[in-house]
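Here the structure comes first, spelled out in structure tokens, and everything after it is commentary.
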Amino acid sequence: MSDKVEQRIKELSDLLHHYNHEYYQNHNSVVPDITFDKLLSELISLEEQHPQFKHPDSPTQRVGGTITKEFPTVSHKTPMLSLSNTYSWEDLDDFDKRIQKGLETTDYEYICELKYDGVALSLSYENGILNVAATRGDGKQGDDITHNVKTIQSIPLSIPEDIPFFEARGEAFLPRKEFERINQEKEKAGEEKLANPRNTASGTLKMQDSSVVAQRKLDCYIYSLNLGGIATHEDALEQLKKWKFNVPDSYQKCKTIEEVKKYIQDWDTKRHSLPLDTDGVVIKINNISQQEQLGYTSKSPRWAIAYKYASESAATELLEVSYQVGRTGSITPVAQLAPVQLAGTTVQRASLHNANEIDRLDLHVGDTVFVEKGGEIIPKITGVDHSARNEQAQKIDFITHCPECGTALVRKEGEANHYCPNTLGCKPQILGRMEHYIHRKAMNIDSLGPETLEQLFDNGLIKNPADLYRLQFDQLINLERFGETSANNLIQGMKNSTQIAFPKVLFALGIRYVGATVAEKLVEHFKTIEKLSEATLEELVAVHEIGERIAESVIDYFSKAENKELIAHLKEQGVQLAIEESENKQVSNSLTGKTFVISGVFTLYSRTELQNLIKNHGGKVVSSISAKLDFLVAGDKMGPSKLEKATKLGVKMINEQEFAEMIQTI
Ligand code: IVH
């Protein structure tokens, strides 16, 4: 029996490793997701039942789950150096001459690789198994981030050979698409966007919860192997590929420095179609004994150099500056440009940040401006060709009045941004606040969208979130695009949202600097909106992780009559503006005698809120799934083993929506 289990565990591991490799490195989906998940859950449950057969390189390690409070420091076996940079053909010729002189021969070859713009990683394998993964740190010592690195699907957890020790080095990165996806999510949630893929990759690798890292689909290109007995860098790359490391095919052997230049030129445009940002080419001597002969300075190898591409820039005409009004009333100037090709995309707009930036550049209408794409996704204007300026060209003066409602703009002492103070009467601010209110991560009212909000606003039916609760069927049914079902859904959606817990409501109010996490912290501390609204600056900053900027914003919000009124109206409508204390808040006994297991990630409630709700309605929360269990409340990313067990035992599974309905209607 146990032989069979061991064999099945091996079989499943091999299959899953193979599927992973095909999927992540060769972009080849061998089996449907559902089959993959089924096999993975079988493996998880076998490993749970027979931990003695769980292998350190099991594919189950990829899903994360370990929490690391502090990353231990590790010393690198050999220092992680940097590369010296060059920017011109002359520098390259000089490098080539130094090589010739150092080797006293012309008999050498180069390998050219792209310079990946990510986070350097050192991967140490002992007896063929990934043992320690570390950051570069100061070059001598880095942080041990093994748990997080194990979630990177393209890094082998083991190799099929029993080598006592070797180290692979490479660059972890967040694919551009994944970065854009995360930022779109952030934008929708009204959260601050991430600056660039590199910083995001670096921040992700330092997260404490490895299951969150696992969701962020990092990748890693490998560019070196420290192992004796290998003759050339090319052989090292080939060996790494055989062991299924992700070595991109973009490297090339070059016999002369002229061939190197050709490679650099070829890849200047081709590199933009790669899934990650690259900022140059790394040129390395191919032969390892020649590398050793050339040696190192204290900072970098003498046998390699980086050629850095100039950050790409293009000249185009500034057509005009337009202004966007955000939900907080902040005004963002945007340069409208004559379309121009830049780093593989057509650019028509560039961010100008604020009035200072326009002054700094001394922008005039019709100016020829230089746009550049740095690490950031949105291009920026880096300069103006003054010689090309038309004498009559009109200087761009920052607007004095709101482009949407005509109110005179204000700019607070010491602040860079202009604001439209017409909070209650400026359409994009009103709609922006309501869009934020209904967002999936806030009140999660999916029966409403931005277009419907605008329609309702234009028809004079709503001007703040409280109005949404007062909408009547008769008012809606007469509107264009509304039918009986959509009108009823909207009304029901609003009703359901009164069940949303207070932390989400507080986030939904859209108080400046109060994101989802800050809202949770504030609620945890103050419990009710009354207490929060009366809190002094000192009381607010005394809360862990609440700084003065947030505290001032909260005080400012609650000092305004319109906000007090809004909150009073929301309260009238039954919106949750306090957290329920679990002990003495027996709301009903509708769940008495029922047991629940909670598993996965939820959008409507936090886990604690779910637990409290169950208890407050008389139910019991248990941790393990058994045949006696009444309900499994299943969220996103629920562990496959739980899923399988519940299915096997025929336990009823409900999602959070169904749960919400259950506590309302039973
Ligand atoms: S070889 C002695 N190859 O660039 C260092 N490095 O400035 C030898 N990098 O921290 C490194 N792409 O993380 C090498 N194809 C590549 C690279 C690469 C990016 C990074 C690396 C290192 C930095 C050196």
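Can you find even one residue in region 159-167 that is part of a strand (DSSP E or B), away from the ligand (no atom under 13 Å from the Cβ), exposed (fewer than 15 other Cβ atoms within 10 Å of the Cβ) and of a type outside the set (D, E, K, R)? Within region 159-167, one or more residues are part of a strand (DSSP E or B), away from the ligand (no atom under 13 Å from the Cβ), exposed (fewer than 15 other Cβ atoms within 10 Å of the Cβ) and of a type outside the set (D, E, K, R).
So which of L352, L319 is open to solvent by less than 40 Å² (accessible area, probe 1.4 Å) and either in contact with a helix residue (DSSP H, G or I) (Cβ under 8 Å, 6 or more places away or on another chain) or of a type outside the set (V, I, T) (or both)?
On the way: L319 fails: open to solvent by less than 40 Å² (accessible area, probe 1.4 Å).
Just a single option satisfies the conditions, and that option is L352.
Please tell me if A335 is part of a strand (DSSP E or B), surrounded by 14 or more Cβ atoms within 10 Å (Cβ to Cβ) and within 16 Å of the ligand (Cβ to nearest atom). No; evaluated as a whole, the condition is false for this residue. Considering the conditions (1) more than 16 Å from the ligand (Cβ to nearest atom); (2) in contact with a Lys or Arg (Cβ under 7 Å, 6 or more places away or on another chain); (3) outside any helix (DSSP H, G or I), G142 is excluded by exactly one of them, (1). Listed conditions (1) of a type in the set (A, V, I, L, M); (2) within 18 Å of A442 (Cα to Cα); (3) open to solvent by less than 30 Å² (accessible area, probe 1.4 Å) are all met by A551, apart from (2). With respect to E6, is the statement that it is modelled with pLDDT under 90, more than 16 Å from the ligand (Cβ to nearest atom) and among the acidic types (D, E) true? No, not satisfied.
For region 302-318, residues that are more than 14 Å from G102 (Cα to Cα), within 14 Å of the ligand (Cβ to nearest atom) and either polar (S, T, N, Q) or assigned to a loop (DSSP other than H, G, I, E, B) (or both) total 1. If you take the residues in region 82-92 that are open to solvent by less than 60 Å² (accessible area, probe 1.4 Å) and away from the ligand (no atom under 16 Å from the Cβ), which one is nearest to Y108 (Cα to Cα)? By that ranking, first place goes to L92. Among the residues in region 287-301, are any open to solvent by 10 Å² or more (accessible area, probe 1.4 Å), among the basic types (K, R), within 16 Å of the ligand (Cβ to nearest atom) and in a strand (DSSP E or B)? No, region 287-301 contains no residue that is open to solvent by 10 Å² or more (accessible area, probe 1.4 Å), among the basic types (K, R), within 16 Å of the ligand (Cβ to nearest atom) and in a strand (DSSP E or B). If we keep just the residues of region 223-276 that are hydroxyl-bearing (S, T, Y) and either within 31 Å of the chain's Cα centre (by Cα) or within 12 Å of the ligand (Cβ to nearest atom) (or both), which is nearest to E161 (Cα to Cα)? Once the filter is applied, the top-ranked residue is S224. In this structure, N589 does satisfy being loosely packed, with under 13 Cβ neighbours inside 10 Å and of a type in the set (S, T, N, Q). Across region 178-190, the qualifying residues are those that are within 22 Å of G64 (Cβ to Cβ) and among the acidic types (D, E), and the one among them that is surrounded by the fewest Cβ atoms within 10 Å (Cβ to Cβ) is E185. Where helices (runs of 4 or more DSSP H) fall entirely within region 473-574, those with at least 2 residues that are in contact (Cβ under 8 Å) with a residue 24 or more places away in the chain are at 484-497, 502-508, 516-526, 529-534, 548-559, 561-572.
As a summary of the residue check, L591 satisfies the conditions (1) part of a helix (DSSP H, G or I); (2) in contact (Cβ under 8 Å) with a residue 60 or more places away in the chain; (3) closer than 25 Å to F659 by Cβ; (4) not polar (S, T, N, Q) except for the one numbered (1). Return the residue satisfying two criteria in turn: it lies in region 168-177 and is open to solvent by 20 Å² or more (accessible area, probe 1.4 Å) and within 28 Å of L15 (Cβ to Cβ), and of such residues it is modelled with the lowest pLDDT. Selected residue: K177. For region 183-198, indicate whether the set of residues that are within 12 Å of the ligand (Cβ to nearest atom), at pLDDT below 95 and not aromatic (F, W, Y) is non-empty. Yes, region 183-198 contains at least one residue that is within 12 Å of the ligand (Cβ to nearest atom), at pLDDT below 95 and not aromatic (F, W, Y).
Report those helices (runs of 4 or more DSSP H) wholly inside region 194-261 carrying at least 1 residues which are open to solvent by less than 10 Å² (accessible area, probe 1.4 Å) and charged (D, E, K, R).
Values: elements: 197-205, 210-215, 233-242.
Per the criteria, no element qualifies.
Yes/no per residue for (1) assigned to a helix (DSSP H, G or I); (2) on the phi > 0 side of the Ramachandran plot; (3) open to solvent by 50 Å² or more (accessible area, probe 1.4 Å); (4) without any contact (Cβ under 8 Å) to a residue 12 or more places away in the chain:
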{"site": "I44", "(1), (2), (3), (4)": "yes, no, no, no"}
{"site": "E47", "(1), (2), (3), (4)": "yes, no, no, no"}
{"site": "P56", "(1), (2), (3), (4)": "no, no, yes, no"}
{"site": "R62", "(1), (2), (3), (4)": "yes, no, no, no"}
{"site": "K69", "(1), (2), (3), (4)": "no, no, yes, no"}
{"site": "V74", "(1), (2), (3), (4)": "no, no, no, no"}
{"site": "P79", "(1), (2), (3), (4)": "no, no, yes, no"}
{"site": "D94", "(1), (2), (3), (4)": "yes, no, yes, yes"}
{"site": "G102", "(1), (2), (3), (4)": "yes, no, no, no"}
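Checking each residue in region 408-444 for being part of a loop (DSSP other than H, G, I, E, B) and small (G, A, S) picks out G414, A416, G425, A442.
Any idea which of D397, D362, D385, D367 is buried (at least 17 other Cβ atoms within 10 Å of the Cβ) and more than 32 Å from the chain's Cα centre (by Cα)? Reasoning before the result, please.
Values: D397 fails: buried (at least 17 other Cβ atoms within 10 Å of the Cβ); D362 fails: buried (at least 17 other Cβ atoms within 10 Å of the Cβ); D385 fails: buried (at least 17 other Cβ atoms within 10 Å of the Cβ).
So the residue among D397, D362, D385, D367 that is buried (at least 17 other Cβ atoms within 10 Å of the Cβ) and more than 32 Å from the chain's Cα centre (by Cα) is D367.
Looking at region 104-151, which of its residues are open to solvent by less than 30 Å² (accessible area, probe 1.4 Å), within 24 Å of N196 (Cα to Cα), of a type outside the set (V, I, T) and in contact with an Asp or Glu (Cβ under 8 Å, 6 or more places away or on another chain)? Selection gives Y116, G118, A120, L121, S122, A133, A134. Screening G280 against (1) within 11 Å of the ligand (Cβ to nearest atom); (2) open to solvent by 30 Å² or more (accessible area, probe 1.4 Å) leaves a single unmet condition, (2). Out of everything in region 106-117 that is at pLDDT 95 or above and within 21 Å of S311 (Cα to Cα), what residue ends up being farthest from the ligand (Cβ to nearest atom)? So, considering only residues that are at pLDDT 95 or above and within 21 Å of S311 (Cα to Cα), the one farthest from the ligand (Cβ to nearest atom) is C112.
Considering region 445-466, and only residues there that are part of a helix (DSSP H, G or I) and free of Cβ contacts under 8 Å to residues at least 24 places away in the same chain, the residue that is surrounded by the most Cβ atoms within 10 Å (Cβ to Cβ) turns out to be L456. Selection of region 125-139 for residues being farther than 21 Å from K69 by Cβ, within 16 Å of the ligand (Cβ to nearest atom) and either of a type in the set (G, A, S) or touching a residue at least 40 places away in the same chain (Cβ under 8 Å) (or both) yields R136, G139. Just one of the listed residues (S289, S311, S273) is at pLDDT below 95, farther than 22 Å from D385 by Cβ and of a type in the set (S, T, Y), namely S273.
The values are calculated or read from the model by the stated rules, or taken from the named source; none is laboratory data. Bear in mind that the values here come from a model prediction, so they are computed numbers and not experimental data. Glycine gets a Cβ as well: all are built from the backbone with ideal geometry, and neighbour counts include every protein chain shown. For the accessible areas, the whole protein counts, side chains as well, though only heavy atoms, and no ligand, DNA or RNA atoms are used. Shrake-Rupley method; radii C 1.70, N 1.55, O 1.52, S 1.80 Å.
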